[in-house]
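Read the structure below first, then the notes.
Every number in this text was worked out from the coordinates using simple rules, so none of it is lab data. All values reported here derive from a predicted model rather than from experimental measurement. Glycine gets a Cβ as well: all are built from the backbone with ideal geometry, and neighbour counts include every protein chain shown.
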Amino acid sequence: MPPRIVQERPKPHARSTSKGYDSDSSGSTLSTPYQWSDLLNPDLSPMDFDAVLMGVLRSTTEMERIQGLDEPEFQSVIDVLGEYVRTEDVMNGLQKRCFKSLCRLCATRGVLPRPYTLNYGDLQRSEVPDYSGAFGEVWRGSYNGTTVAIKKLRGVTALQLEKKKERFCHEVVIWKRLSNLNTLPLIGAYMHGPELVMVSEWMSNGDVKQYVQRNPRVNKFSLLADVARGTIYLHSMNIVHGDLKGVNILVKDDGKACLADFGLMSIVLDPEITDITTSTSEVAKGTFRWMSPELFYPAEFGLKFQLTKKSDCYAFGMVIYEVLSGKIPLEEIKQQWQVPLAVFRGKRPGIPDRVTPRMMELWKIAQECWSPSPRDRPSFPSILDKLSTFASLEDVTPFELREPKPLRVIGEPPHLLLLIVILKSAFIRTKNRNYGGMAGTVNRGLFLDNATGYHYIIPIVQHVHPPFTNPGNCQS
């Protein structure tokens, strides 16, 4: 189901003329001297254009006329509306009303404003996709000299094309309008035959799970706080992400996380679906592991199938698990069709290995997020408060976050390997000490190379005795 955009209710219009009256959605009787064709007048001042636009949007008759226009005229009208709503970062009441009308018009006809579309011939892409996911395939390509990600939706058949185009256009208009540091900007889209394609900036750091694996010392609290901020922004626009998971969270060059692929679930799924577990859509099953139990069996919760802010919260808990473990949720369940019942019965991921006390705070948040009952899950603002607090306090060490790496010993004799068991600090200098089963003069000790993560012992041993039978204590 396409996300709904909340709109302010307009104040009563005081203008009255002899041209007749139209009734708006609130039931009040409004007069309008304006017609849709006035929107195409290039000589209107900004103030006059606003007055015309308000009159047209509040007129049921004029809006019905726009929906019935021939293709060229209809295209001209939505081009004007599309340009109008994308000119300001913060929309006023009139722009919000225009935005809602534009979404509805584009969804009704399956047409996009020309400022939102790209020329198919200007895009170059690789021969094979760089990534294949539940809802589409992603190619690395170029557009006007910029490296871009080209995403083609999956699961679009000829019989479904018209319906898919309508929902696709609805989502593109929404995505194009979004402006937030933690959401991925949309460059544009195009519809080429059965191909429905969205184009965005290519993120060379990849998704958040890949980024954490390559940068184990990164502040995980800060990354997840970025995800929470992006989700809060979407929810403030009354948009549910619907497919929140690691591969849909990308990392920008500055290390900030941003959300991608929001709204794609509503395009791929049948809007009349009542039970996703019986859906014939295989692409939906690719995201089962991040879906909350009430999405699988809504009737058991007294609900209808609907993506909600609380289902986004559940998915966020699974994202935390991905960041902590580097694994997909419930990977021990090999068959996708077995996931819904297991989740409904309370199955959740187990605590990852090597979770430090600091990371346990993340684990606690994850457990709150995937509570069985939607009403028991925390709000995203409260999640963000916790993440922001711990992000500023995080104190990580190489031993907490680094995978164990091989130990390299430079020098002789091999008895010095016993030092590894004894020495725990990141940098220890020793001189003229006896270590349990060996004795000798050691001029340098153990240190950690932060660049490589290897522990080095660089000893210069002048003399080594055979091991003692009773090691005793280390003596200076």
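Observations on the model:
- Using the Cβ-Cβ distance between Ile351 and Asp376 with R0 set to 22 Å, the FRET efficiency works out to roughly 0.65.
- Listed values for the stretch 217-223 are Karplus-derived 3J(HN,Hα) couplings in whole Hz (6.51 cos²θ - 1.76 cosθ + 1.60, θ = phi - 60°), namely 8, 5, 6, 5, 4, 5, 4, and x replaces Gly and Pro.
- When Rg and Dmax are taken over the Cα atoms of the stretch 120-201, they come to 12.7, 38 Å.
- Contour excess over end-to-end distance, with Cα ends at Glu300 and Arg214 and 0.36 nm allotted per residue: 26.8 nm
- Going by neighbour counts of Cβ atoms within 10 Å, the residues Ile150, Ile66, Ile351 line up, fewest first, as Ile351, Ile66, Ile150.
- Approximate spin-label separation Thr308-Leu393, in nm, with each point projected 7 Å along Cα-to-Cβ: 3.1
- Taking amide H as placed 1.01 Å from N in the peptide plane, Tyr143 has its amide H under 5 Å from the amide H of Val148, each at least 5 places away in sequence or on another chain.
- Projected label points at Asp385 and Ser132, each 7 Å from Cα along the beta carbon direction, are separated by 4.6 nanometres.
- Members of Lys163/Lys334; Lys100/Lys309; Lys100/Lys176; Lys209/Lys256; Lys256/Lys386 lying beyond 23 Å, as alpha-carbon distances in this model show: Lys163/Lys334
- Cα centroid of the stretch 318-360 to Cα centroid of the stretch 43-72, whole Å: 52
- The length gained by stretching the chain between Glu73 and Leu341 to full extension, at 0.36 nm per residue less their Cα-Cα distance, is 91.4 nm.
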